[in-house]
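S.K.: Here's a structure for you.
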């Protein structure tokens, strides 16, 4: 059984809770993000930089990005487990999935550190 | 799944001989139903939003890099091809949001009967279509985006 091979019995309930928790948190965050995107569209660099520099927006954007990445890593993992049955490909895609989400999380943190906290990375 | 068995088309699982075991339901003998479409759309929109999240992070990174990087991002995002991508991503976001709320409602044990589940699914598809049309109507009407 696929479930057994990937030890669903050991962490299945935890995954279920994490999927629901991240979904619940993303409901208000994604509505706020869509409304903010509609307001920022076509606004140009100054408006975008000023918006991300505001602490409340930076915190909201950081939460949105990190919880989205957490949620989509779990979602993509389910898709990989459903369709990719060859172990080598499965393991490679799983690592790639985690890696992409980690890189995007780091990029978000660096961008917000520069825009909202004023840290200078020399770029 | 929840009400899967009620959906199996009549006559399925009948083998040629009585000695044959009934086969488990498979795609070909499932009567089409709207919750199936809803489920497929939820997965497809989720995968689209994987790319969408990367693009939104790209927007923040471009902003952090400065006016030149931002201008390059905005030029690509505002091109006709870019707008089609954002149109699709906004539809995916509205649908995934509505379908996700639908799943949270189901997790509470509500709207689980096939007819109620169908209603919730149709509502989430209609919401996504209306919200996408509303958003883009507003963006073009205010002049925030243009072709």
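S.K.: On the given criteria, is residue A:56 facing another protein chain (nearest Cβ under 9 Å), assigned to a helix (DSSP H, G or I) and on the phi < 0 side of the Ramachandran plot?
M.R.: In short, no.
S.K.: To continue, here is another question. Only one of these is modelled with pLDDT under 95 and loosely packed, with under 13 Cβ neighbours inside 10 Å: A:123, A:95. Name it.
M.R.: Unique residue meeting the criteria: A:123.
S.K.: Something else about it: How many of the residues in region B:58-93 are within 21 Å of the chain's Cα centre (by Cα) and facing another protein chain (nearest Cβ under 9 Å)?
M.R.: Looking only at that region, the number is 3.
S.K.: Right, here's the next one. For the condition surrounded by fewer than 18 Cβ atoms within 10 Å (Cβ to Cβ) and either at pLDDT 95 or above or within 11 Å of another protein chain (Cβ to nearest Cβ) (or both), what is the one hit in B:110, B:97?
M.R.: One residue alone meets the criteria, B:110.
S.K.: Now, a different point. Looking only at region B:136-147, decide whether some residue is within 21 Å of the chain's Cα centre (by Cα) and more than 10 Å from chain A (Cβ to nearest Cβ).
M.R.: yes
The values are calculated or read from the model by the stated rules, or taken from the named source; none is laboratory data. In this text the structure is predicted, and so the values were computed from the model without any measurement. For neighbour counting, all protein chains shown are included, and Cβ atoms are generated from backbone atoms with ideal geometry for every residue, glycine included.
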